[in-house]
Amino acid sequence: MSNIQSSSLQLNVECDALESLLNYAYTGECTLTSENVHRIMHAARLCEMTNLLQYCCEYLMNNLNDKNIFHLYHFAKTHSNPKFLSVTYEYLM
């Protein structure tokens, strides 16, 4: 009997975010909304999809408002994104 080892990778990613990542990988397109951007950003970070991650950051920077600024400032600070942090900081000032 041959000893076959199988390996698996388990990601903690929502199905819709994974679908968006696969779509982006094959088409270069991704539809971001305020409801899905954080899930897609999380998945893009896990999969090291830097272009998609940057696209998510740009979406968030373009959609700053008084309701989400504190959350996004904390988010930028937590995830060590200097450009995003700078934009959110400037918005606060």
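The values are calculated or read from the model by the stated rules, or taken from the named source; none is laboratory data. This one's a predicted model, so the numbers in the text were calculated from it and none came from an experiment. So basically every Cβ, Gly included, is an ideal-geometry build from the backbone, and we count neighbours across all protein chains shown. Heavy atoms of the whole protein, side chains included, go into the accessibility calculation; ligands, DNA and RNA do not. Shrake-Rupley method; radii C 1.70, N 1.55, O 1.52, S 1.80 Å.
Going by the structure shown, is Asp66 open to solvent by less than 70 Å² (accessible area, probe 1.4 Å) and modelled with pLDDT of 90 or more?
Here the answer is no, as Asp66 does not meet what is asked.
Kindly indicate whether Ser86 is over 14 Å from the mean Cα position of the chain (by Cα), of a type in the set (Ser, Thr, Tyr) and open to solvent by 80 Å² or more (accessible area, probe 1.4 Å).
Numbers: over 14 Å from the mean Cα position of the chain (by Cα): yes; of a type in the set (Ser, Thr, Tyr): yes; open to solvent by 80 Å² or more (accessible area, probe 1.4 Å): no.
In short, no.
Flag: Leu72 does not match the condition of being touching a residue at least 12 places away in the same chain (Cβ under 8 Å), in a loop (DSSP other than H, G, I, E, B) and open to solvent by less than 50 Å² (accessible area, probe 1.4 Å). Apart from one condition, Asp66 fits all of (1) assigned to a helix (DSSP H, G or I); (2) more than 16 Å from the chain's Cα centre (by Cα); (3) not aliphatic (A, V, I, L, M); the exception is (1).
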